[in-house]
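The values are calculated or read from the model by the stated rules, or taken from the named source; none is laboratory data. Since this is a predicted model, take the numbers as computed values, not measurements. Cβ coordinates were reconstructed from backbone atoms using ideal geometry, including for glycine residues, and neighbour counts include every protein chain displayed.
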């Protein structure tokens with residue numbers, strides 16, 4: 001029986017292990033942390049968004065430049081396949097109003113327990129506290145919990161080492177130093193924005209910013225965000241954080257459902273003795289948080305209603321850039337498509353395959369991240385099966 005070493009016990013590695021074990025291969029998963037899928041569990045604390053109820057052609061644009069080479073994997077393991085797989089693990093699924101797909105239990109832990117039980121029944125061995133530390137030729141070298149370093153005698157290797165965010169959960173990107181090929185530099189993706197708030201914003205910390213639109217260069221979002229002491233967080237910000245990373249100005253539209261002229265006409269109503277903040281509240285129905293944001297980034301205000309309207313519709317956000325990469329939901333960068341063949345095998349190391357977030361792709365939150373991790377894991381696993389079968 002041919003044997004395979006899987007380096008990394010996240011969703012991509014486990015998905016590959018499952019497929020290869022079903023194909024009759026002897027599979028051992030090596031995980032550096034004391035338990036597997038730690039980032040997967042952390043992501044599921046606020047509700048495990050497993051995929052998006054879209055066909056592949058609707059999904060692909062969200063992967064931007066990586067879409068062409070990810071397409072085969074995503075077509076082979078699409079949202080319907082992921083839902084069927086989860087239901088096969090006795091996890092009832094549901095689709096939210098935005099098309100995001102969740103387990104009915106919302107948490108990741110029930111699904112992971114069922115998944116690990118299936119892997120165990122298939123004969124997959126999982127060795128935790130075993131860290132990949134380099135190569136001897138094309139054979140991976142593993143350091144165990146006792147500090148001893150051994151080489152892995154396997155017929156093929158599948159790397160699923162993750163990106164470079166949330167290092168405490170295992171994705172530290174250290175593998176890029178010894179993988180033996182050029183990799184695209186890591187960069188924060190789906191990241192929060194650091195904002196130096198004025199003291200008058202203190203009472204608004206932790207409150208959601210709803211009913212707005214965000215823009216940074218070509219990236220736009222109508223999603224919610226949260227004002228936190230660290231800055232701006234949440235799906236609405238994560239999806240446009242790439243624009244900030246690329247150097248574009250960040251703008252917020254406080255009234256995305258009104259035109260500039262509509263806003264100006266309302267502001268032109270007699271103000272009387274009302275303060276400017278009260279005038280915004282009465283004429284535009286702005287919430288206290290939106291008024292606070294307007295004051296934070298809009299002052300000093302121009303005199304005429306049209307110019308004020310334009311500013312409220314395109315309010316420049318003063319910020320200090322992205323939060324540190326280790327805090328990001330995911331990362332861009334990693335093993336470039338040019339280093340891989342169509343089966344995700346390294347051209348420079350036959351028999352070594354890559355999958356998951358260690359590949360150079362990025363996508364917004366909303367089910368796209370886990371979909372690609374699971375899909376590339378299975379696609380690389382299929383590549384291993386074909387490789388070992390000649």
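Couple of notes before you dig in:
- Conditions (1) part of a strand (DSSP E or B); (2) surrounded by fewer than 14 Cβ atoms within 10 Å (Cβ to Cβ); number of the one not met by residue 80: (1)
- Residue count for the range 211-225 satisfying the condition of being surrounded by fewer than 20 Cβ atoms within 10 Å (Cβ to Cβ) and not in a loop (DSSP other than H, G, I, E, B): 4.
- Residue list for the range 241-291, filter: in a helix (DSSP H, G or I), under 32 Å from the mean Cα position of the chain (by Cα) and buried (at least 17 other Cβ atoms within 10 Å of the Cβ): 241, 242, 243, 244, 245, 289, 290, 291
- Flag if residue 303 is touching a residue at least 24 places away in the same chain (Cβ under 8 Å) and in a loop (DSSP other than H, G, I, E, B): no
- Every listed requirement among (1) within 20 Å of residue 373 (Cα to Cα); (2) in a strand (DSSP E or B); (3) more than 18 Å from the chain's Cα centre (by Cα) is met by residue 115 save one, (2).
- Selection from the range 150-206 of residues that are part of a strand (DSSP E or B) and buried (at least 18 other Cβ atoms within 10 Å of the Cβ): 156, 157, 158, 159, 186, 187, 188, 189, 193
- When residues of the range 36-63 are limited to those that are surrounded by fewer than 16 Cβ atoms within 10 Å (Cβ to Cβ) and out of contact with any strand residue (DSSP E or B) (no Cβ under 6 Å at 6 or more places or on another chain), the one nearest to residue 130 (Cα to Cα): 42
Residue-by-condition table, conditions (1) buried (at least 23 other Cβ atoms within 10 Å of the Cβ); (2) modelled with pLDDT of 95 or more; (3) not in a loop (DSSP other than H, G, I, E, B):
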| position | (1), (2), (3) |
| --- | --- |
| 15 | yes, yes, yes |
| 29 | yes, yes, yes |
| 34 | no, yes, no |
| 68 | no, yes, yes |
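- Residue 221, sole failed condition from (1) in contact with a helix residue (DSSP H, G or I) (Cβ under 7 Å, 6 or more places away or on another chain); (2) without any contact (Cβ under 8 Å) to a residue 40 or more places away in the chain; (3) farther than 30 Å from residue 315 by Cα: (3)
- Exclusive hit being in a loop (DSSP other than H, G, I, E, B) and under 24 Å from residue 51 (Cα atoms), set 372, 318, 363: 363
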